[in-house]
Amino acid sequence: MSLVKLTTMTAFGHNTTSDEAAEHYKGEIEGKTVVVTGATCGGIGAETVKSIAKNGASLVVFTVRNERALNDTTAKLNKEAPGARIKGVLLDLASFDSIHKAAAEIKSIASAQIDVLINNAGVMACPYNTTKDGFELQFGTNHLGHFLLTSLLKEKLFNSPTPRVVNLSSTATWAAPVLFDDINFTNEKETYVPWVAYGQSKTANILFTNELHDKFNKSNKLSAYSLHPGAIFTNLQRHIDPSPESLGLEKDYWGNPLFCPEVLKYLHPKPVPQGAATTIVAAFNTHIPSGSYLSDCQEENTFPKSYAKDKTNAKRLWDISQQFTKTEFA
């Protein structure tokens, strides 16, 4: 039996594709305005946009970092979803100035409301670098950039009767908590470890999701979800040596082997269409509670470490993020 003919999503899992999930949720997608960051060709962001656009969204706005990617993604989407209303916007999440400009453009395109914001873009395990505004690149891009963008789009989100924010996290939360005492690895040559920095940023994605739920679910009916998309081999992994020998040497924040059995069971490889499916479920499901973390298209209650679910950590991160981005998100 085809997954899309099921009346429930109990059969959704590791092998579900984004098109199957989107067809299942077609009734929820129709008429929606959706924003997706990080939609470069070949990645799960572009796949997410395609599946949503094909299934009746009123408008899908996607972001990429440069003109070439904008042209490539636009051409590919026009071919795969002919007739769909799709618009690309330039956005560099490592630049607050770029985020402000992109948010203004998105608000002018989505003139009435934004129903779903999917914070998909990111960088992974890269050498030490900083954003244009001086923050460690992975934390600055993966968390601060999306925090600021979401804040700037909040009024458009709140215009929707059912606003939703989806933050792509990862099992890499296992690698590190948010290092509040040294978020930016100020002594980078001594303290910076790419996977630890990535883990910190992915933990921040979950904490951000949980605080969004706590702050705005009751007052503004906003639903927020975080998720692990799976082990998908795209350009995101360009800084990684995937050999077992290399990965076996990687350590978490505490010096333990990073790719331990508890993590490896979540890292069975997926092709891109399967990698985007959990995003679709998070964006359009009608029964998984807001604030949930998903993996393989299902709610996942066992994986995130306690520090990624801690309310004190979530509030502390929120306050620091407001300070760093010079924005009041309330």
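Tabulated data for the structure shown
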| item | result |
| --- | --- |
| Residue ranges of strands (runs of 3 or more DSSP E) in region 32-151 with at least 1 members in contact (Cβ under 8 Å) with a residue 24 or more places away in the chain and more than 23 Å from L227 (Cα to Cα) | 59-64, 86-90 |
| Answer residue from region 152-171, given it is part of a helix (DSSP H, G or I) and of a type outside the set (A, V, I, L, M) and is surrounded by the fewest Cβ atoms within 10 Å (Cβ to Cβ) among those | E155 |
| Test: residue in region 109-117 that is farther than 17 Å from T150 by Cα, among the charged types (D, E, K, R) and crowded, with 21+ Cβ neighbours inside 10 Å | no |
| Those residues of region 10-24 which are closer than 17 Å to A84 by Cα, surrounded by fewer than 21 Cβ atoms within 10 Å (Cβ to Cβ) and in contact (Cβ under 8 Å) with a residue 60 or more places away in the chain, in sequence order | D19 |
| Failed criterion for A125 (all others in (1) farther than 20 Å from I320 by Cβ; (2) surrounded by 21 or more Cβ atoms within 10 Å (Cβ to Cβ); (3) in contact with a Lys or Arg (Cβ under 9 Å, 6 or more places away or on another chain) hold) | (3) |
| Any chance T63 is farther than 27 Å from A175 by Cα and either of a type in the set (F, W, Y) or within 16 Å of the chain's Cα centre (by Cα) (or both) | yes |
| Selection from region 279-310 of residues that are surrounded by fewer than 21 Cβ atoms within 10 Å (Cβ to Cβ), among the polar types (S, T, N, Q) and over 18 Å from L117 (Cα atoms) | Q298, N301, T302, S306 |
| Lone unmet requirement of (1) more than 25 Å from S160 (Cα to Cα); (2) more than 20 Å from the chain's Cα centre (by Cα); (3) basic (K, R) for K54 | (1) |
| Answer residue from region 42-97, given it is within 21 Å of A21 (Cβ to Cβ) and β-branched (V, I, T) and is surrounded by the fewest Cβ atoms within 10 Å (Cβ to Cβ) among those | I86 |
| Residue within region 221-242 that is at pLDDT 95 or above, surrounded by fewer than 17 Cβ atoms within 10 Å (Cβ to Cβ) and out of contact with any strand residue (DSSP E or B) (no Cβ under 9 Å at 6 or more places or on another chain) present | yes |
| Count of region 282-330 residues which are under 30 Å from E30 (Cα atoms), over 19 Å from the mean Cα position of the chain (by Cα) and outside any loop (DSSP other than H, G, I, E, B) | 0 |
| Set V166, V193, V178: member being farther than 26 Å from V281 by Cα and at pLDDT 95 or above | V178 |
| Selection within region 243-265 - modelled with pLDDT under 80 and surrounded by fewer than 17 Cβ atoms within 10 Å (Cβ to Cβ) | S243, P244, E245, S246, L247, G248, L249, C260, P261, E262, L264, K265 |
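The values are calculated or read from the model by the stated rules, or taken from the named source; none is laboratory data. For clarity, every value in this text was computed on a predicted model and none was experimentally measured. We place every Cβ from the backbone using ideal geometry, glycine too, and count neighbours over all the protein chains shown.
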